[in-house]
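One structure is given below, encoded as structure tokens.
The values are calculated or read from the model by the stated rules, or taken from the named source; none is laboratory data. Keep in mind it's a predicted model, so treat the numbers as computed, not measured. So basically every Cβ, Gly included, is an ideal-geometry build from the backbone, and we count neighbours across all protein chains shown. Accessible surface is based on the protein model in full, side chains and every heavy atom, while ligands, DNA and RNA are left aside. Shrake-Rupley method; radii C 1.70, N 1.55, O 1.52, S 1.80 Å.
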Amino acid sequence: MANLRSLNKVFLLGNLTRDPELKYTGTGMAVAKLGLAVNRRFKSKSGEWQEEATFIDVDVWGKSAENVAQFCKKGSGVFIEGSLRLDSWEKDGEKRSKLKVTADRVQFADDRKPDGAGGGVAGSAAGATDNVEEEPFH
């Protein structure tokens, strides 16, 4: 096995928090900006089920960006494979940064096809973690 010292890979399954925002760069490359909500369900110390949402910004490039913009909308389920990227900028003289995901692959994960007929590509994966019990981060 290769001597692996670094790995930047994420897998996310969640729902879009807004309609994809499709734009084109000066060279004509498509980029879609997505907002993704990923839920984590866990039992609290008192034994009650709790749910926690994490909101993630995702950039999708090329033909995948055009497909996401055409077939997905707010609430659509998607499975994203990608990598983390730290964006840094300055605003009002103050340095800011944000951790984002750049998607390498996007798979539709709705229970319905894009035309609304049912039986989406990864429909059964949408609730796959509903019964996972995790320790809370307290």
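Return the residues of region 1-18 that are of a type outside the set (V, I, T) and surrounded by 15 or more Cβ atoms within 10 Å (Cβ to Cβ); say none if nothing qualifies. Don't jump to the end; show me each part of the working.
Step one: of region 1-18, the residues of a type outside the set (V, I, T) are 1-9, 11-16, 18.
Passing the criteria: L12, L13, G14, N15, L16.
Does N39 qualify as being over 13 Å from the mean Cα position of the chain (by Cα), under 18 Å from T17 (Cα atoms) and among the polar types (S, T, N, Q)?
Working: over 13 Å from the mean Cα position of the chain (by Cα): no; under 18 Å from T17 (Cα atoms): yes; among the polar types (S, T, N, Q): yes.
No.
Return yes or no: is F71 under 22 Å from D104 (Cβ atoms) and touching a residue at least 60 places away in the same chain (Cβ under 8 Å)?
Working: under 22 Å from D104 (Cβ atoms): yes; touching a residue at least 60 places away in the same chain (Cβ under 8 Å): no.
When the stated conditions are applied, F71 does not pass them.
Filter region 68-85 down to residues that are more than 17 Å from T54 (Cα to Cα) and hydrophobic (A, V, I, L, M, F, W, C) and give me whichever is surrounded by the fewest Cβ atoms within 10 Å (Cβ to Cβ).
Step one: filter region 68-85 for residues more than 17 Å from T54 (Cα to Cα), giving 68-73.
Keeping just the survivors that are hydrophobic (A, V, I, L, M, F, W, C) gives 68-69, 71-72.
Details: V68: 25, A69: 20, F71: 16, C72: 23.
The residue in question is F71.
Does R18 meet the test of being part of a loop (DSSP other than H, G, I, E, B) and in contact with a Leu (Cβ under 9 Å, 6 or more places away or on another chain)? Give the steps one after another, and end with the answer.
Numbers: part of a loop (DSSP other than H, G, I, E, B): yes; in contact with a Leu (Cβ under 9 Å, 6 or more places away or on another chain): yes.
Yes; evaluated as a whole, the condition is true for this residue.
What number of residues in region 49-67 are open to solvent by 40 Å² or more (accessible area, probe 1.4 Å) and outside any strand (DSSP E or B)?
Counting residues in region 49-67 that are open to solvent by 40 Å² or more (accessible area, probe 1.4 Å) and outside any strand (DSSP E or B) gives 4.
Yes or no: S88 free of Cβ contacts under 8 Å to residues at least 40 places away in the same chain, in a strand (DSSP E or B), in contact with a strand residue (DSSP E or B) (Cβ under 8 Å, 6 or more places away or on another chain) and surrounded by fewer than 15 Cβ atoms within 10 Å (Cβ to Cβ)? If you could, list the steps in order and put the result at the bottom.
Details: free of Cβ contacts under 8 Å to residues at least 40 places away in the same chain: yes; in a strand (DSSP E or B): yes; in contact with a strand residue (DSSP E or B) (Cβ under 8 Å, 6 or more places away or on another chain): yes; surrounded by fewer than 15 Cβ atoms within 10 Å (Cβ to Cβ): yes.
Yes: the conditions hold for S88.
Pull out all pairs, ordered by first then second residue, where Cβ-Cβ is under 7 Å, the residues are six or more apart or on different chains, the first lies in region 26-55 and is over 25 Å from S76 (Cα atoms), and the second is charged (D, E, K, R) and part of a loop (DSSP other than H, G, I, E, B).
Once the first residue is over 25 Å from S76 (Cα atoms) and sits in region 26-55, its partners that are charged (D, E, K, R) and part of a loop (DSSP other than H, G, I, E, B) give K43/E133.
Take region 57-112 and flag every residue that is under 10 Å from the mean Cα position of the chain (by Cα) and more than 11 Å from A32 (Cα to Cα).
G77, V78, F79, I80, E81, G82, K100, V101, V106
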